[in-house]
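To keep things clear, I will list the structure first and then write my remarks on it.
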Amino acid sequence: MDTTVRQGWWRDLSMPAIVAGFITVLVGFASSAVIVFQAAQAVGADQAHIASWMWALGLGMGVTCIGLSLRYRVPVVTAWSTPGAAMLVVGAGGASLSEATGAFLLAAVLGVLAGFSGVFARLMKRVPMALAAGMLAGVLLRFGLDVFVAMNTQRVLALAMFATWLLGRRLFPRYAVIATLLVGIAIAASQGLLHAQQVHLQLAVPQWVTPSLSWTAMVGIALPLFVVTMASQNIPGVAVMRASGYDAPVSPVIGWIGVVNTLLAPFGAYALNLAAITAAICMGRDAHEDPARRYTAAMAAGAFYIVIGLFGATVAALFAAFPKELVACVAGIALFGTIGNSLASALAVERDREAALVTFLVTASGMTLAGVGSAFWGLVAGTLCLWVLRPRSPAQ
């Protein structure tokens, strides 16, 4: 039986899926790694501990991406909690590294309970598909716009990448994003925009931190970290999967992510969760024309995350070698199809159209309330509009 599973996923693997996995990791790491470094420093981590955080987070994301995607044959992409890291930067409250680690452990255990108990899944079943699609379109809008914003600062690079994608969609659609990435790298290298000479890799050494709990860390770190991770990351993450046409069993997915997070928390895995923005890259048509085979893109992302974990914080130099305009262009172009499909799904049902539009606009605004990001509040605003505007049936 195991042989069949290995042969199955190997047959489903393709070069576009591998490239989609690489872009997923590139975008995820390049956009928020600095915030994670700052979070580690905010709770007293030194360079060795920061490398251990990268080891634990990379290993955790890699194991969950590969294991859950292979188990359920849907693209399950996990990530560190960027809002959680930002919360640590501003709200660690002077907690020691040991106390913060205890808070990470408690938040992870709460995630396990929320997952396996089915509470989280029951909550997500109440989110209408139109709102999920509107939220996804709002989350991804900025990435699509950034392709053209990049033309202000790197016009030749951005125009060449866009033209390559356009020509590729016409002549070789499966490899259009691959060609776009390669052309972008070639132009960046020719213009001296790559800084590969700064890359010096070395293996990370995991550092165990014995957890301790204090009331201040529980109230100031653990509970806010759990709430922010669930509201700003896991809820949008599940919505992205649903909007992309995938129906993975939510309870075990969230539960197993929490289990891995719990095991790795003493080494620096402060919060693991479902990805939203980067997950959409693995769920789009550029990952594979066949939606049933796109799970291999998430597995490829997991393999790249494990490489990051093994080499720790020094891998940051590799991703920093790419100019930000190249990262913005390849991310936005890879998400064009998903943005279009999401908008079409959000506005397809006339009775839900206004609520979906409000969800899209609130999410795209980037607003933050009570430390929770716009994706969550977009769903809240859309649900409110749906409740007010949708007519009640006589039976109700």
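How many nm separate the modelled label positions at residue 353 and residue 170, each set 7 Å beyond the Cα in the direction of the Cβ? Result for the modelled spin labels: 3.3 nm.
Note that the range 184-190 has calculated 3J(HN,Hα) couplings of x, 5, 5, 5, 4, 5, 5 Hz, one per residue in order, obtained from phi through the Karplus relation 6.51 cos²θ - 1.76 cosθ + 1.60 (θ = phi - 60°); glycine and proline are x.
The H on the amide N of residue 204, modeled in the peptide plane, is under 5 Å from the matching H of 311, 312, each at least 5 residues off or on a different chain. Only one of [x] 54, 44, 44; [y] 69, 58, 51; [z] 67, 53, 47 was calculated from the structure for Cα extents along the principal axes in Å, and its label is [y]. Peptide packing for 221-230, 285-294 was compared via the average number of neighbouring C-beta atoms within 10 Å per residue; ordered from the highest value, the list is 221-230, 285-294. The charge dipole of the chain, taken about its Cα centre with unit charges on the Cβ atoms of Lys, Arg (+1), Asp and Glu (-1) only, comes to about 840 debye.
Computed about its Cα centre, the charge dipole of the range 270-365 is approximately 140 debye, with only Lys, Arg, Asp and Glu carrying charge at their Cβ.
Phi angles of the range 62-79 translate, via the Karplus equation with coefficients 6.51, -1.76, 1.60 and θ = phi - 60°, into HN-Hα couplings of x, 5, 6, 4, 6, x, 6, 5, 5, 5, 9, 6, 10, x, 9, 10, 10, 7 Hz per residue; Gly and Pro are given as x. Residues whose amide H falls under 5 Å from that of residue 78, counting only those 5 or more places apart or on a different chain, are 65, 275, with hydrogens built in the peptide plane. Using the average count of surrounding beta-carbon atoms within 10 Å as a protection proxy, the listed peptides 159-166, 245-252 rank, highest first, as 159-166, 245-252.
Solvent-accessible surface (1.4 Å probe) assigned to residue 110 amounts to roughly 50 Å².
The values are calculated or read from the model by the stated rules, or taken from the named source; none is laboratory data. The structure presented is a predicted model; accordingly, all values stated were derived computationally and were not measured. Neighbour counts run over all protein chains shown; Cβ positions are idealised from the backbone, glycine included. Calculation scope for accessible area: heavy atoms of the full protein, side chains included, ligands and nucleic acids excluded. Shrake-Rupley method; radii C 1.70, N 1.55, O 1.52, S 1.80 Å.
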